[in-house]
Amino acid sequence: MTIASLLEPITGKPGPVRLTHADEWMQGRTLYGGASALVAFTMAQRAFPDLPPLRAGQVGFVAPVGEEIELHAEMVRQGRNVTQVRSEIRSEGKVALTAFWLFAAERAANAVRPADPAENWPGMPEANDQAMKGQGPSFIQNNFELRYGQAKDDDHGATIRRWARLTEDHNLDPVSKLVLMGDVMPPGAMRIMQRMGPISSINWSFNVLDPHTQSEGGWYLAENASQHADAGYSSERLRMWDSEGRQVLDGLQCVAVFG
C-alpha cells in the first residue's frame, strides 16, 4: 500500500480525518512512528504551502495513533529566512502526537564542515544479505526492504545498522522520505537488553543535513546507537547516510525499555 494512500485524506484544513489505509503501517496498536510523524509533517506542508525546505523536526509520541484522528497546524513564526510550524495529531480529543517543524531557506555559507563519514562502511547494499525477511513488525514486511549494514557475527555493542529502502518509491519528496524512514530501525538498546521486553519511542528530534537527497536505488544506511541506557530508558542517536556515504539525517531519541 503506497504511503500516498495513507496521506490522501490530509487536506491541510484542521479537523477530523480517517486514515483508511492505516492498517498497512501499524506497529502494534499505533501507527509506526515514521508514518505518524509523516502524517503530522504532511499536515504542516499542506496547511502552509510554499514553505522553504525542512531543516529540523521535534516529534513527541504521546499516545497511540489509529485510523480516526484530528489534525491541527499553526504558524508559530514566519521570518525572512526561517519559518516555524507546529502540528498535532489528536485522538479522542487528546493529543497523540505533537511536532514542531523548522523550515529555512538556503543562505550563503559562512561555515563549512562536512559530516564525519560512517565508520566501518559496510559496502553497497547489494553486497550485503537481506535482513529481517519474514520477521519483525508487519509494517516492515509490507513496506521496507532491509539489508545488513554490519557484520552479523561481530560484537556491535548497542548499535544497530541496516541498509533500508521503501519497497515502492511512493513519489515522495526527499524530505518526506527521510521522515518516513528515519525511525525505521529498532533502538540500539535492544542489543544489550538483559531479557526481551517491549520498547516504545517517546520522542524524536532530528536535523535534515541534505533536504535534496537522492540516494541511488532509494537505499539509505540507517543506524540507531544507544548512548546511555538505565532506569528503563535509553538515549539513542539516529543517523542516516546515502549510498555514497554522505550523512543526510542526524537525530536523537528517548526510548522506553520495558521488561
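Remarks
- Search result, residues across region 111-146 that are assigned to a strand (DSSP E or B) and either among the aliphatic types (A, V, I, L, M) or in contact (Cβ under 8 Å) with a residue 60 or more places away in the chain (or both): A131, L146
- In region 186-197 there is no residue that is among the aliphatic types (A, V, I, L, M) and under 15 Å from G33 (Cα atoms).
- Of the strands (runs of 3 or more DSSP E) that lie entirely inside region 8-110, those containing 2 or more residues that are surrounded by fewer than 21 Cβ atoms within 10 Å (Cβ to Cβ) and among the basic types (K, R) span 82-91.
- Residue satisfying condition, being at pLDDT below 95, over 19 Å from G157 (Cα atoms) and of a type in the set (G, A, S), within set G182, G259, G197: G259
- Neighbours by Cβ (under 6 Å, 6+ apart or cross-chain): first from region 150-167, outside any strand (DSSP E or B); second among the β-branched types (V, I, T): A158/I192
- Test: residue in region 47-54 that is modelled with pLDDT of 95 or more, under 15 Å from the mean Cα position of the chain (by Cα) and in the same structural domain as R90 (by TED's automatic domain parsing): yes
- Annotation: of all residues in region 210-259 being loosely packed, with under 15 Cβ neighbours inside 10 Å and of a type in the set (D, E, K, R), the one that is nearest to A115 (Cα to Cα) is E244.
- Counting only strands (runs of 3 or more DSSP E) that sit wholly inside region 185-251, not one has at least 2 residues that are aromatic (F, W, Y), in the same structural domain as T167 (by TED's automatic domain parsing) and more than 24 Å from Y148 (Cβ to Cβ).
The values are calculated or read from the model by the stated rules, or taken from the named source; none is laboratory data. Since the structure is predicted, the reported quantities are computational estimates derived from the model, not experimental observations. Cβ coordinates were reconstructed from backbone atoms using ideal geometry, including for glycine residues, and neighbour counts include every protein chain displayed.
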